[in-house]
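Everything below concerns the one structure shown next.
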Amino acid sequence: MMSYVHEVINDVVEKNPSEPEFHQAVKEVLLTIEPVLKKHPEYRKVKILERIVEPERQIIFRVPWIDDRGEVQINKGYRVGFNSAIGPYKGGLRLHRSVNLSIVKFLGFEQIFKNSLTGFPIGAGKGGSDFDPENKSDTEVMKFCQSFMTELYRHIGADTDVPAGDLGTGTREIGYLFGQYKRIKNVCEGVLTGKGLSYGGSLGRKEATGYGLVYFMEMLLKDYEKSIEGSRVVVSGAGNVALYAMEKVRQMGGTVVAVSDDSGMVYNPAGVDIDAIKKAKEFERIKISDYAASMKQGEFFSDYRELWKVPCDIALPCATQNEMDEESAKALVSSGCKAVGEGANMPCTPEAIRILQENGLLFAPSKAANAGGVATSALEMAQNSMRYSWTFDEVDNRLKKIMSNIYRNAKEAAVYYDKPNNLIAGANIAGFVKVAEAMLAQGVV
Ligand code: NDP
Ligand code: 2IT
């Protein structure tokens, strides 16, 4: 007979065809929380699972704008409010050519458990568009953002839904979105996080996801008598998460030996030039391939997948979903890698995770390891509500405590539910229980 969890998974697949990333995310969570459902039959009675896999609302809209040549362009806009049991919808907006409903839903679903793990009262949402900021002028990005917000503003608010950045959406885009929201709604409120520092952003938010990831890895490594210090680290992606993970690795005495973007990767066993790469990516907005053309030391490879073949102790996938497949995981194992920490959302395929686990690598799952970003967004919301701001150190110290609580809670949940050393199960369970209890308490809504 098919188990309850498998019944729900089959239903999700049947009712949401052509959404492979969403199916993948749902399977991963549901298969790990089976022991909780056995202990809590009351969850099944009120169909917590069936409700948690169904977004509370999904908005898809047209985003028309005019490019620099005077041509009309049309994109699709998305915002999915997945779960508000513990607070207003909260989660980023992704701008990339690959964005579709499946991707927005997988990200929104993951956000439920991640946001719960932060310990803050934030529900889960995600959105974005198939608009690609790459190769667009600032004016084009602004026109797109203004048009996108002209529909989105009706659905969001500081106590309803608070979007933020994600892949392709940085401070520039958040600034344009915020400006348009304020203009239409005539309210100046903390409706978006990741804002610029001059208009309500929080010190430390830009750094938070990458720094939080490295704090989390250090705690995990320490439990096994290892450390970032003296380790060789490879980092995929050269965006917000990756750049600040690299910076923190260096601060903690590790060496980043390779880094990639979607144009390729650079490798230098003595350590890549983090400052030069940061300048190239963050300020000049150029590709690693262009940076490499003038690089003084190190080697360039035009296939970013070569990154996983670089000998290293720690790998931090910080680019995008399913970037590490079975073959990449095998390459990491044979090069002697000891630990993998997911900076991106769901960067490892289930097959890759199986290989890493079978070979005894330490594994930090994204919902826990990259939660420092959204946790610091919650700190930004708190500061906005108080009309006050904390110093960088105040925010960073809170981030350290938050990452430490997440690590402890995930580890303890894994032990309590008989899956010791399995932080995937631990993070999913700890995140799930709080949301399930809130849903139970609030009745069938
Ligand atoms: P950015 O847009 O700042 O950076 C993404 C980087 O990844 C870019 O450098 C991009 O290359 C590169 N990239 C994209 N696809 C690939 C690929 N297949 N292989 C190698 N590099 C690739 O995004 P973020 O850093 O904000 O987000 C990265 C990941 O982290 C996403 O999964 C996001 O959901 C997740 N995340 C982000 C948080 C945040 O606070 N920003 C919080 C938690 C998770 P190029 O520059 O060439 O386009
Ligand atoms: O995936 C994520 O957690 C984010 N992109 C950050 C979301 C947020 O609201 O800060």
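Below is a table of values for the structure above.
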quantity	calculated
Length-normalised contact order of segment 24-143 in % [C-alpha pairs under 8 Å, at least 6 apart]	26
Value of D in µm² per second that Stokes-Einstein yields for segment 22-173, Kirkwood Rh from Cα pairs, at 10 °C (1.306 mPa s)	97
Area accessible to solvent at SER389, 1.4 Å probe radius, in Å²	80
Accessible surface of the chain, 1.4 Å probe, proportion on carbon and sulfur as whole %	50
Spherically averaged projected area of segment 13-95 from its Cα convex hull (nm²)	7.7
Accessible heavy-atom area order of TYR267, TYR181, highest first, probe of 1.4 Å	TYR267, TYR181
Segment 90-200 - percent relative contact order, Cα under 8 Å, separation 6 or more	31
Among LEU117, LEU31, LEU93: highest mean-square fluctuation, GNM of the chain, C-alpha pairs under 10 Å	LEU31
Segment 169-290, accessible area per residue, ligands and nucleic acids excluded (1.4 Å, Å²)	39
Accessible area of ILE353 in the full protein assembly, 1.4 Å probe (Å², nearest 10)	20
Value of [θ]222 nm, deg cm²/dmol, for the chain, DSSP H segments ≥ 4, -39500 (n - 2.57) each, nearest 500	-14500 deg cm²/dmol
For segment 29-36, 3J(HN,Hα) per residue [Karplus equation, 6.51 cos²θ - 1.76 cosθ + 1.60, θ = phi - 60°, Hz, x = Gly/Pro]	6, 4, 5, 8, 9, 3, x, 5
Residue with peak Gaussian network fluctuation, the chain [Cα springs, cutoff 10 Å], from GLY239, GLY372, GLY336	GLY336
Over segment 220-277: Rg over Rh, Cα atoms, Kirkwood Rh	0.99
Descending principal axes extents, the chain, alpha-carbon based, whole Å	63, 55, 43
For segment 69-151, convex hull of alpha carbons as volume per residue, Å³	100
Exposure rank, largest accessible area first [TYR4, TYR176, TYR43; 1.4 Å]	TYR176, TYR4, TYR43
Relative contact order (%) - the chain, alpha-carbon pairs under 8 angstrom, separation at least six	15
Phi to ³J(HN,Hα) by Karplus 6.51 cos²θ - 1.76 cosθ + 1.60 over segment 121-130, Hz, x for Gly, Pro	x, 10, x, 10, x, 7, x, x, 7, 7
Area accessible to solvent at TYR291, 1.4 Å probe radius, in Å²	30
In order through segment 194-209: 3J(HN,Hα) via Karplus (6.51 cos²θ - 1.76 cosθ + 1.60), integer Hz, x for Gly, Pro	x, 6, x, 5, 7, 9, x, x, 9, 4, x, 5, 4, 7, 4, 5
For segment 114-251: span of alpha carbons on each principal axis (Å, largest first)	54, 37, 28
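The values are calculated or read from the model by the stated rules, or taken from the named source; none is laboratory data. Please read these numbers as outputs of a predicted model, since none were measured by experiment. These area figures cover heavy atoms from the full protein model, side chains too; ligands, DNA and RNA do not enter into them. Shrake-Rupley method; radii C 1.70, N 1.55, O 1.52, S 1.80 Å.
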